[in-house]
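Structure first, commentary second.
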Amino acid sequence: MESLNAITALQELDELRVKYTGKKGELTLLLRSLGKLPKELRKDAGQELNTLRDEIESKLEQTGRKIRDDENERQEKAQRIDVTLPAKGRTAGAFHPVMQTMHDIANIMQGLGYSVASGPEKEEEFYNFECLNMPSWHPARDMQDTFYFPDGTLLRTHTSPVQIRAMLQYGAPLRIVCPGKVYRRDNDPTHSPMFNQMEGLLVDKDVPFSVMKGTMTEMMNAFFGRSLKSRFRASYFPFTEPSMELDIECVECSGHDEHCRVCHGTGWLEVAGMGMVHPNVIRAGKIDPDKYNGFAFGIGLDRMAMLKYGISDLRLLFDGSVSYLLSGLGGEN
Ligand code: DAH
């Protein structure tokens, strides 16, 4: 009984069973040896041994049941699912911040009646430069250090060639935006050899300068989700005349921090180039510049994404760190 009380595993129980009530068990042997006892003792001894055997067997069974029950309970506990626990979060994919920016601005422009157009990244010099009022001798070509292929084609240095392709394809009147990758021989902390631009072009009759200003400020306000101060500065691009650059109020400090890391204390951020489309460019698109005019703009999407999401290093956008991109900057998480 002492050994039985001490056991905890079914195997030990079997060993005990064999030891006492097995074929050669101690109790079995005793029972078998009853015949050797003097007759007058046999009956009492037999009764005693039988009672003992019943007791042992019932105790064996009881212990077996207890061990099995304990084991079942232990397993149940280990496998129990607590359906009341809060569910674990599940990480879903998120848009790349630049893609999110591209979608957002394209959506805003579609709301103003613009369609999304596209053109090839491997472009002809003709569309990338020539048609945009930059003949081969033009010094502005040097400003865009270009990747050329041996056959004279190139990786487009801006999305502006899509202006020409769209005019040739659709004619006037026309409203398009063209987001896409562009390439230049540039590689430092603030420049990447590949970056993203969005081109815009509106061609119609008697388009006033004010439409360009209104469109650009509305686009910026819609993108940043609030009304920002803006200013237009005179600039130069070969494909527009007059040309302007748009500055918006610093989205980080609104001009209140002279040590601002985003605007460097100027209070302004340069966000777009634009202008009234040069008659030579309209003509290159096979549209009559005496009947139609328009405006065009170009914005850097990577810079817009960095400003909106507070990203300070351009390389974070292109290093491909999944955990960084999944942090839900641009989309759902
Ligand atoms: N293509 C210019 C660049 O890459 C940006 C630009 C400026 C586009 C003025 C335009 C424009 O359409 O009108 O720097």
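Taking only C-alpha pairs under 8 Å that are 6+ residues apart, what is the relative contact order of the chain in percent? Walk me through the numbers on the way to the answer.
Numbers: 518 pairs, mean separation 60.1, N = 333.
Computed value for the chain: 18 percent relative contact order.
Using the Cα atoms of the stretch 107-237, I'd like the radius of gyration and the largest Cα-Cα distance, Dmax, both in angstrom.
So, for the stretch 107-237, Rg and Dmax equal 16.0, 48 Å respectively.
Among 56, 311, 176, whose mean-square fluctuation peaks in a Gaussian network model of the chain (Cα, cutoff 10 Å)?
56
Using a 1.4 angstrom probe, figure out how much accessible area the chain has per residue, in square angstrom, rounded to the nearest whole. Walk me through the numbers on the way to the answer.
Working: 19470 Å² over 333 residues.
Per residue, the chain has an accessible area of 58 Å².
Rounded to the nearest percent, how much of the accessible area of the stretch 80-219 (1.4 Å probe, protein heavy atoms only) is carbon and sulfur?
For the stretch 80-219, the apolar C and S fraction of the accessible surface comes to 53 percent.
Name the trypsin sites (Lys or Arg not before Pro) in the stretch 242-333 that are in a loop by DSSP and that have at most 16 other C-beta atoms within 10 Å, would you?
Working: sites: 261, 283, 286, 291, 303, 308, 315; in loops: 261, 286, 291.
For trypsin sites (Lys or Arg not before Pro) across the stretch 242-333 that sit outside H, G, I, E and B with at most 16 neighbouring Cβ atoms in 10 Å, the list reads 261, 286, 291.
How would you order 15-26, 34-45 from highest to lowest mean count of nearby Cβ atoms within 10 Å?
Details: 15-26: 14.6, 34-45: 10.1.
In descending order of packing, they fall as 15-26, 34-45.
How much length is gained if the chain between residue 148 and residue 234 is pulled fully straight, taking 0.36 nm per residue apart and subtracting their Cα-Cα distance, in nm to one decimal?
Values: separation 86, 0.36 × 86 = 30.96 nm, distance 3.14 nm.
Gain on extension, residue 148 to residue 234, equals 27.8 nm.
Viscosity 0.890 mPa s, temperature 25 °C: what is the translational diffusion coefficient of the stretch 166-222 from Stokes-Einstein with a Kirkwood Rh over Cα pairs, rounded to a whole number of µm²/s?
On the way: Rh = 13.8 Å.
In µm²/s, the coefficient rounds to 178.
In Å and from the alpha-carbon atoms only, list the Rg and Dmax of the stretch 2-78.
16.1, 58
Quote the convex hull volume per residue of the stretch 188-306, based on C-alpha atoms, as a whole number of Å³. Could the numbers behind the result be given before it?
Working: hull volume 13.7 nm³, N = 119.
So the per-residue Cα hull volume is 115 Å³.
For the stretch 97-328, take N as its residue count and report Rg(C-alpha) divided by 2.2 N^0.38 Å. Can you show the working numbers first?
Values: Rg = 17.6 Å, N = 232, 2.2 N^0.38 = 17.4 Å.
The value comes to 1.01.
Which whole-number percentage describes the relative contact order of the stretch 2-78, with Cα contacts under 8 Å and a sequence gap of 6 or more? If you can, show how the numbers build up before the last one.
Working: 38 pairs, mean separation 25.8, N = 77.
Dividing the mean separation by the residue count of the stretch 2-78 yields 34 percent.
Suppose we keep just the alpha-carbon trace of the stretch 244-303; what are its Rg and Dmax in angstrom?
Rg and Dmax of the stretch 244-303, Cα atoms, are 16.9, 50 Å.
The values are calculated or read from the model by the stated rules, or taken from the named source; none is laboratory data. Predicted model, so just to flag it, every value in this text is computed and none were measured. Counting neighbours? That spans all protein chains shown, and the Cβs are built from the backbone with ideal geometry, glycine included. Calculation scope for accessible area: heavy atoms of the full protein, side chains included, ligands and nucleic acids excluded. Shrake-Rupley method; radii C 1.70, N 1.55, O 1.52, S 1.80 Å.
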